[in-house]
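> Right, I'll just put the structure down here and ask away after.
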Amino acid sequence: MQVFHKIADLQNRLFDDRKKSKSVGLVPTMGALHDGHASLVKKSIEDNDITVVSVFVNPTQFNDPKDLSSYPRDLDADCKLLETIGADYVFAPSVEEMYPTPDNRHFEFPPVTTVMEGAHRPGHFNGVCQVVSRLFYIVRPDRAYFGEKDWQQIAVVKAMVKSLCLNVKIVECPIVRESDGLARSSRNVLLSDDERKTAPNIFKALKEGVEYSKTHSVKETHDYVVNKINAIDGLDVEYFEIVDGDSLQDVENWNDSDYIVGCITVYCGKKPVRLIDHIKFKS
């Protein structure tokens, strides 16, 4: 496995690979890798001749400086994990390498960029599109792999790919969960022991919400899940939206769509860690 810090060095190596007609898969990450990331890498290795994993904490997608500074970073541990899995190349650039000049491009794809995370984290998806588009231009992957935990992000990236006419296939990979149901996330390492024991109640409430929905309305189900989570000490729901799985627009009735997803963001703990999750009501 090779680690590249410079764009030109990675591109030169990939140029040689493409001359040999090798396919390239890209797994964009912000590091602090876990089994969820590993599943994406393994899928890319299965599908492609060459797998590139980017490790870059992108400052333009953080609207809270404290969130950016506290985001976990451990490149050595990430590289050890990736080498064990069998990744070919790691791309770990500096901020200056990725953004030699300010990126003033503006991406907006309503409604998918304006609801949920888009409404609660202004500028977040613009930053996601800035960095992902740069990675696509640098690596020129045949396929790029994203986890379904970041449900809305996948919809945004797909909209960007379509808008920019990029020749890359977006591959969606299922959520990887802990044995107690908590969605794997780099932010989980920020939870204290007690908070870690509390956090699985988020997914537990979502699962109960699916059962509850079989005999109750959308609004009743929404309120049931929110009240269930907020009743637990240490958990505070920021939002819970029950939406069409494609348009991400709210549904009012269960027959409004054949594909309905519940998307949630919850603050956990005294120094709250922001956790996201989702569950399918209809698919």
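> Of these, Phe56, Phe62, which one is surrounded by 15 or more Cβ atoms within 10 Å (Cβ to Cβ), at pLDDT below 95 and not small (Gly, Ala, Ser)?
Values: Phe56 fails: at pLDDT below 95.
Exactly one residue qualifies, and that residue is Phe62.
> For the stretch 34-52, which positions are at pLDDT 95 or above and in a loop (DSSP other than H, G, I, E, B)?
Across the stretch 34-52, the qualifying residues are Asn48, Asp49.
> Within the stretch 169-220, can you find the residues that are among the charged types (D, E, K, R), open to solvent by less than 50 Å² (accessible area, probe 1.4 Å) and at pLDDT 95 or above?
Glu195 - this is the single residue of the stretch 169-220 that is among the charged types (D, E, K, R), open to solvent by less than 50 Å² (accessible area, probe 1.4 Å) and at pLDDT 95 or above.
> A further question follows. Show me the helices (runs of 4 or more DSSP H) found entirely inside the stretch 53-148 where at least 1 residues are closer than 28 Å to Asp9 by Cα. Give the derivation first.
Working: elements: 65-70, 75-85, 95-98, 117-120, 124-139.
So the answer is 65-70, 75-85, 95-98, 124-139.
> Could you count how many residues in the stretch 16-38 are closer than 17 Å to Ile154 by Cα, open to solvent by 10 Å² or more (accessible area, probe 1.4 Å) and out of contact with any Leu (no Cβ under 7 Å at 6 or more places or on another chain)?
Going residue by residue through the stretch 16-38, those that are closer than 17 Å to Ile154 by Cα are 25-30, 36-37.
Narrowing further to those that are open to solvent by 10 Å² or more (accessible area, probe 1.4 Å): 28-30, 36-37.
Subsequent filtering for residues that are out of contact with any Leu (no Cβ under 7 Å at 6 or more places or on another chain) retains 29-30, 36-37.
Result for the stretch 16-38: 4.
> Cβ-Cβ under 7 Å, sequence separation 6+ or interchain: first residue in the stretch 189-205 and in contact (Cβ under 8 Å) with a residue 60 or more places away in the chain, partner of a type in the set (Asp, Glu). Which pairs?
Filtered contacts from the stretch 189-205: Ile202/Asp277; Phe203/Asp277.
> What are the pairs with Cβ atoms under 8 angstrom where one residue, in the stretch 39-50, is buried (at least 19 other Cβ atoms within 10 Å of the Cβ) and the other, located anywhere, is assigned to a helix (DSSP H, G or I)? Sequence gap at least six, or different chains.
Val41/Leu82; Val41/Ile85; Ile50/Leu14; Ile50/Asp17
> Same structure again: If Leu166 satisfies all but one of (1) farther than 30 Å from Ser69 by Cβ; (2) of a type in the set (A, V, I, L, M, F, W, C); (3) modelled with pLDDT under 95, what's the number of the condition it fails?
(3)
The values are calculated or read from the model by the stated rules, or taken from the named source; none is laboratory data. As the structure is a computational prediction, the values presented were derived from the model and not from experiment. No Cβ is skipped: glycine too gets one built from the backbone with ideal geometry, and neighbour counts run over all protein chains shown. Heavy atoms of the whole protein, side chains included, go into the accessibility calculation; ligands, DNA and RNA do not. Shrake-Rupley method; radii C 1.70, N 1.55, O 1.52, S 1.80 Å.
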